[in-house]
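The values are calculated or read from the model by the stated rules, or taken from the named source; none is laboratory data. The structure presented is a predicted model; accordingly, all values stated were derived computationally and were not measured. Glycine also receives a Cβ, built like all others from the backbone with ideal geometry; neighbour counts cover every protein chain displayed. When the accessible area is computed, the model is the full protein with side chains, heavy atoms only, and any ligands, DNA or RNA have been set aside. Shrake-Rupley method; radii C 1.70, N 1.55, O 1.52, S 1.80 Å.
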Amino acid sequence: MKYVIIGNSAAAVGCVEGIRSVDREGEITVVSREGHHTYSRPLISYLLLGKTDREKMKYRPDSFYSDNGVRFLPGRAAVEIDPAGKTVTLDDGACLPYDKLLVATGSHPFVPPIEGLDGVENRCTFSSLDDALALEALLTPQTRVLILGAGLIGLKCAEGIAARVASVSVVDMAGRVLPSILDETAAALVQKQIEKHGVRFFLSRSVERFCGGTAVLTDKTQQDFDVLVVAVGVRPNVELVQKAGGAVGRGVTVDERCATTLPDIYAAGDCTESLDITTGERKVLALLPGAYMQGEAAGVNMAGGEKLYDRAIPMNAIGFFGYHMITAGSYDGEEYVVQKGADYKKLVTGDGVLKGYLLLGSVERAGIYTALIRNRTPLASVDFDLIKEKPQLMAFSKTERLRQLGSRR
Amino acid sequence: MKRIYVNEKWCLGCHLCEYYCAFANSGKDDMVKALKNITIHPRIRIEEKNAVSFAVSCRHCTEPLCVKSCITGALKAVDGVIEIDQGKCVGCYTCILACPYGAVSPSPDGVIQKCELCVQRGGSPACVTGCPNQAIVFEER
């Protein structure tokens with residue numbers, strides 16, 4: 001059996017480990033556009049912050065490829081898939097035959113068309129190790145940085161560089177920070193915390209045009225900067241599958257076995273769209289844990305096993321300057337909210353199950369909440385007053401606890 | 001492999017498991033020096049309410065969601081034991097988001113800590129040997 005994997009991040013690593021849990025013999029080839037050993041993409045902000053280094057940010061040990069009998073082709077891009085001939089063509093013209101193919105091509109930063117953007121000399125995005133190294137090379141204690149986007153990527157970037165530069169300003173069209181995961185109350189708390197570290201926010205406005213190192217905002221105010229980071233969002237890399245004739249929605253369309261609509265071609269990670277079980281919507285859930293698990297399921301299925309990836313939910317654990325937050329699921333339903341200073345909790349229920357939650361500050365044992373969402377546990381079967389108080393196994397029945405703590409999991 | 005299992009009905013709620021755990025992971029050889037006047041951060045925790053109490057620690061799952069979710073690769077299964085490389089952990093707490101048992105917790109250093117079955121120590125985990133009523137056992141199931 002010949003396996004080819006396009007991509008070298010969490011989904012690809014999950015796929016290698018998934019294949020090897022079933023098939024120790026088949027030939028695996030990993031094609032990576034980037035020239036690096038597999039590394040953790042979300043760690044690039046921690047690299048700039050000094051909380052990790054190039055060695056520690058490797059997602060798997062140096063021996064990963066040899067341990068798993070993987071032929072690793074770094075710095076090579078796949079340019080075409082031929083689903084009829086079952087081959088992948090690389091940028092150097094090489095042609096790789098496959099029996100089973102995984103497309104784990106990830107996403108790329110979206111750069112919006114803004115007047116004068118091409119004339120901005122020091123411009124970066126913040127999605128890859130090379131992005132982070134390019135940004136780092138531009139930073140001095142005198143540098144004024146303007147970040148476009150107050151989402152997860154923009155704010156992690158701000159945290160990573162705040163102490164190393166003269167100023168960090170963040171501009172976003174949305175009226176609050178992290179609009180995709182936080183409500184207004186939580187966003188205000190997080191913004192306050194980040195502002196304590198010198199980061200300035202310009203919300204509810206965008207950049208109308210750039211004139212060299214000056215950004216003219218939609219409210220006509222001006223921001224001078226030395227370095228611009230564009231972090232307004234990412235787009236899934238769907239082109240290879242699309243050109244090969246596979247179905248594509250917001251991302252590559254896959255089923256619960258992670259198969260695309262093309263025979264023997266699977267897809268996983270940020271390039272795909274998955275079904276959010278809390279809303280029933282298909283969306284791109286670009287999350288590392290999901291990418292790994294989806295890749296792993298794909299690998300098992302490619303190797304002839306059976307594993308479903310069918311419990312995807314949006315979820316994020318993130319922190320800024322020591323202030324932590326964990327969020328999961330969706331927020332449409334009945335709310336239970338408690339706030340005590342910097343500790344904020346919101347639980348959202350509907351259809352007799354927990355739909356989503358948001359914890360700021362105290363996040364201990366949040367996974368008990370996540371499990372209620374993923375397992376769609378009927379709230380009638382637990383003591384919901386105890387769940388509201390804090391995440392605890394005491395809220396479950398004695399029988400359920402015996403299953404959880406008294407048997408092999 | 002042997003794992004820790006809980007016999008809820010035998011738990012006295014004495015919290016000794018927490019103290020033995022903190023001592024075993026303190027790196028000190030004297031229990032008094034390790035624990036006296038110190039806020040302990042054990043990797044096993046007692047939940048209690050009214051007459052019910054029980055200990056919760058890592059289940060060392062065969063499909064470990066914490067390992068699969070770990071963004072750094074700091075959590076890994078080594079011969080079935082879920083181990084944490086604290087030097088690699090950045091304290092993002094994605095494992096806390098993922099663990100269905102609430103068995104992974106922040107350490108005082110900010111990185112995470114969890115039960116590793118006292119593998120460095122060898123033999124039965126300290127919480128098990130220290131439990132006066134066999135409410136926590138270490139066995140194959």
Residue check for A:ASP99: closer than 18 Å to A:MET1 by Cα and not hydroxyl-bearing (Ser, Thr, Tyr): yes
Residue that is under 30 Å from A:ILE147 (Cβ atoms), without any contact (Cβ under 8 Å) to a residue 60 or more places away in the chain and open to solvent by 50 Å² or more (accessible area, probe 1.4 Å), where the choices are A:GLY93, A:GLY50: A:GLY50
The lone exception for A:VAL229 - which of (1) in contact with a helix residue (DSSP H, G or I) (Cβ under 8 Å, 6 or more places away or on another chain); (2) assigned to a strand (DSSP E or B); (3) surrounded by fewer than 20 Cβ atoms within 10 Å (Cβ to Cβ) it fails: (3)
Qualifying position, being aromatic (Phe, Trp, Tyr) and closer than 22 Å to B:THR72 by Cβ, among A:PHE110, A:PHE126: A:PHE126
Pair list, Cβ < 9 Å and 6+ apart or interchain, from region A:229-241 residues that are farther than 14 Å from A:ILE265 by Cα to residues that are acidic (Asp, Glu): A:VAL229/A:ASP131; A:VAL232/A:ASP172; A:VAL234/A:ASP270; A:PRO236/A:ASP270; A:PRO236/A:GLU273; A:ASN237/A:ASP270
Residue that is most open to solvent (accessible area, probe 1.4 Å) [pool: residues in region A:154-172 that are touching a Ser or Thr at 6+ places or on another chain (Cβ under 7 Å) and more than 16 Å from A:LEU217 (Cβ to Cβ)]: A:ALA166
Within region A:17-41, considering residues that are within 19 Å of B:LYS76 (Cα to Cα), open to solvent by less than 10 Å² (accessible area, probe 1.4 Å) and of a type outside the set (Val, Ile, Thr), the one nearest to the other protein chains (Cβ to nearest Cβ): A:SER40
Cross-chain or 6+ apart pairs with Cβ under 8 Å, region A:355-371 first and facing chain B (nearest Cβ under 10 Å) and open to solvent by 10 Å² or more (accessible area, probe 1.4 Å), then assigned to a loop (DSSP other than H, G, I, E, B) and of a type in the set (Ser, Thr, Tyr): A:ALA371/A:THR377
Residues of region B:89-117 satisfying the condition of being farther than 17 Å from A:ILE326 by Cβ and open to solvent by 30 Å² or more (accessible area, probe 1.4 Å): B:PRO108, B:ASP109, B:GLU116
Of all residues in region A:372-409 being within 11 Å of chain B (Cβ to nearest Cβ) and small (Gly, Ala, Ser), the one that is nearest to B:VAL6 (Cα to Cα): A:GLY406
Index of the failed condition, A:ASP351 passing every other in (1) open to solvent by 30 Å² or more (accessible area, probe 1.4 Å); (2) without any contact (Cβ under 8 Å) to a residue 60 or more places away in the chain; (3) farther than 16 Å from A:ASN375 by Cβ: (3)
When residues of region A:240-261 are limited to those that are under 27 Å from A:SER128 (Cβ atoms) and in contact with a helix residue (DSSP H, G or I) (Cβ under 7 Å, 6 or more places away or on another chain), the one nearest to the other protein chains (Cβ to nearest Cβ): A:CYS258
Selected residue (criterion: least open to solvent (accessible area, probe 1.4 Å)) from residues of region A:103-143 that are closer than 16 Å to A:VAL165 by Cα and in a loop (DSSP other than H, G, I, E, B): A:THR143
Residue ranges of helices (runs of 4 or more DSSP H) in region A:1-71 with at least 3 members within 18 Å of the chain's Cα centre (by Cα): A:10-20, A:44-49
Selected residue [small (Gly, Ala, Ser) and farther than 30 Å from A:LYS196 by Cβ] from A:ALA328, A:ALA380, A:ALA317, A:ALA342: A:ALA380
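Conditions tested, residue by residue: (1) at positive phi; (2) of a type in the set (Gly, Ala, Ser); (3) in contact with a strand residue (DSSP E or B) (Cβ under 8 Å, 6 or more places away or on another chain).
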{"site": "A:ASP99", "(1), (2), (3)": "no, no, yes"}
{"site": "A:GLY116", "(1), (2), (3)": "yes, yes, yes"}
{"site": "A:GLU121", "(1), (2), (3)": "no, no, no"}
{"site": "A:CYS124", "(1), (2), (3)": "no, no, yes"}
{"site": "A:THR143", "(1), (2), (3)": "no, no, yes"}
{"site": "A:ALA150", "(1), (2), (3)": "no, yes, yes"}
{"site": "A:ILE153", "(1), (2), (3)": "no, no, yes"}
Within region B:40-77, tally of residues that are over 19 Å from A:ARG365 (Cα atoms), surrounded by fewer than 21 Cβ atoms within 10 Å (Cβ to Cβ) and either at pLDDT below 95 or within 10 Å of chain A (Cβ to nearest Cβ) (or both): 5
Total residues in region B:70-81, condition under 17 Å from A:ARG409 (Cα atoms) and either over 18 Å from the mean Cα position of the chain (by Cα) or in the same structural domain as B:ILE4 (by TED's automatic domain parsing) (or both): 0
A:GLY69, sole failed condition from (1) on the phi < 0 side of the Ramachandran plot; (2) open to solvent by 40 Å² or more (accessible area, probe 1.4 Å); (3) not charged (D, E, K, R): (1)
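Matching residues to (1) surrounded by fewer than 22 Cβ atoms within 10 Å (Cβ to Cβ); (2) touching a His at 6+ places or on another chain (Cβ under 7 Å); (3) among the β-branched types (Val, Ile, Thr):
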{"position": "A:ALA174", "(1), (2), (3)": "yes, no, no"}
{"position": "A:ALA188", "(1), (2), (3)": "yes, no, no"}
{"position": "A:GLY198", "(1), (2), (3)": "yes, no, no"}
{"position": "A:VAL241", "(1), (2), (3)": "no, no, yes"}
{"position": "A:GLU256", "(1), (2), (3)": "yes, no, no"}
{"position": "A:ALA267", "(1), (2), (3)": "no, no, no"}
{"position": "A:SER274", "(1), (2), (3)": "no, no, no"}
